[in-house]
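The values are calculated or read from the model by the stated rules, or taken from the named source; none is laboratory data. Note that the structure is predicted; figures quoted are calculated from it, not measured. Glycine gets a Cβ as well: all are built from the backbone with ideal geometry, and neighbour counts include every protein chain shown.
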Ligand SMILES: NC(=O)c1ccc[n+]([C@@H]2O[C@H](COP(=O)([O-])OP(=O)(O)OC[C@H]3O[C@@H](n4cnc5c(N)ncnc54)[C@H](OP(=O)(O)O)[C@@H]3O)[C@@H](O)[C@H]2O)c1
């Protein structure tokens, strides 16, 4: 049973970085929030901050390790009574290192989070909301999901998946004349906890590691431009770090004569 009176924006990976900054953007827009991550203390601190910025909205916290598929299904089930007008799959992490040297425990966890959880949550959201007006699914991918970055091959491959899946889903929803739209944000280097986790270090200096990067707040601003637009992709240029909105990047086989007859 959906409570149609109150609408929510759900954000995975809201305890730091881009997800945290996006939560504050949506709070400024008077959006009730469902914030999901593993670290409760960080989510409680964010909830407190939001209460100071905008005491009029409701903030629900869900602690969940999304690298376990059973948790992902159970999370969506627990949210059944909330009307979620926007779902943002942002939780994800990277890994720097050669394929030869990569630690498979970390890599398998990355595949589960970046690919499996995102696919399960996108599918469940599409099944429930495809015909609800003004609904959006936004998946956070990476510029590394359109260009292979040396030493980050497996991470980039997970984001190639996210871009292909989300661009394809956007096409599918348009063809079905669904009311739900699917979008993808492709950030380039952004100063968050990403650098630490991808390099397995406790401290990470973005100024030493990159000539250019965005802040999480700038990236959240770009996400809001994508949210407000009717385009599918919000992409950072690797040439000049500018942000642009596009309708598609990947090739799409839209010609029925080339494809399986349905
Ligand atoms: N920063 C960049 O340069 C960059 C560039 C391109 C794309 N991206 C993408 O942007 C997204 C956000 O990353 P970020 O840069 O903001 O990094 P971040 O600061 O490390 O944030 C990652 C978020 O994901 C959550 N998370 C990680 N593992 C999780 C798990 N097993 N279950 C539930 N939540 C989990 C973390 O929360 P907990 O640890 O509390 O669970 C955290 O809130 C990711 O998808 C990343 O791939 C980042």
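For segment 184-193, filtered to residues that are in contact (Cβ under 8 Å) with a residue 40 or more places away in the chain and part of a loop (DSSP other than H, G, I, E, B), the residue that is farthest from the ligand (Cβ to nearest atom) is 188.
Among residues of segment 194-211 being within 15 Å of residue 151 (Cβ to Cβ), more than 9 Å from the ligand (Cβ to nearest atom) and part of a helix (DSSP H, G or I), the one that is nearest to the chain's Cα centre (by Cα) is 199.
In this structure, is residue 250 part of a loop (DSSP other than H, G, I, E, B) and surrounded by 14 or more Cβ atoms within 10 Å (Cβ to Cβ)? So residue 250 passes the test. A single member of 181, 166, 147 is farther than 22 Å from residue 112 by Cβ and within 13 Å of the ligand (Cβ to nearest atom), and it is 147.
In segment 119-146, the residues that are within 19 Å of residue 226 (Cα to Cα) form Cβ pairs under 9 Å with partners that are within 16 Å of the ligand (Cβ to nearest atom) and at pLDDT below 95, at six or more places apart or across chains, as follows: 143/238; 146/238. So is residue 245 without any contact (Cβ under 8 Å) to a residue 24 or more places away in the chain and touching a helix residue (DSSP H, G or I) at 6+ places or on another chain (Cβ under 8 Å) or not? So residue 245 fits the description; yes. When the criteria are applied in full, residue 173 fails the requirement of being farther than 24 Å from residue 103 by Cα, within 12 Å of the ligand (Cβ to nearest atom) and either touching a strand residue (DSSP E or B) at 6+ places or on another chain (Cβ under 9 Å) or in a strand (DSSP E or B) (or both).
Could you check, for segment 27-35, whether at least one of its residues is buried (at least 21 other Cβ atoms within 10 Å of the Cβ), touching a helix residue (DSSP H, G or I) at 6+ places or on another chain (Cβ under 8 Å) and outside any helix (DSSP H, G or I)? So far as segment 27-35 goes, yes, one or more of its residues are buried (at least 21 other Cβ atoms within 10 Å of the Cβ), touching a helix residue (DSSP H, G or I) at 6+ places or on another chain (Cβ under 8 Å) and outside any helix (DSSP H, G or I). Scanning segment 23-59 for residues that are in contact with a strand residue (DSSP E or B) (Cβ under 6 Å, 6 or more places away or on another chain) and within 11 Å of the ligand (Cβ to nearest atom) turns up 23, 35, 36, 40, 43. The set of residues from segment 1-19 being in contact with a helix residue (DSSP H, G or I) (Cβ under 6 Å, 6 or more places away or on another chain), under 20 Å from residue 136 (Cα atoms) and either within 13 Å of the ligand (Cβ to nearest atom) or not in a strand (DSSP E or B) (or both) comprises 11, 13, 14, 18.
Applying the criterion of being assigned to a loop (DSSP other than H, G, I, E, B) and farther than 27 Å from residue 98 by Cα to the residues of segment 212-239, the residue that is farthest from the ligand (Cβ to nearest atom) is 230. Screening residue 99 against (1) more than 16 Å from the ligand (Cβ to nearest atom); (2) under 27 Å from residue 132 (Cα atoms) leaves a single unmet condition, (2).
Residue 53 satisfies every condition listed in (1) farther than 23 Å from residue 194 by Cα; (2) surrounded by fewer than 13 Cβ atoms within 10 Å (Cβ to Cβ); (3) out of contact with any helix residue (DSSP H, G or I) (no Cβ under 6 Å at 6 or more places or on another chain) except (3).
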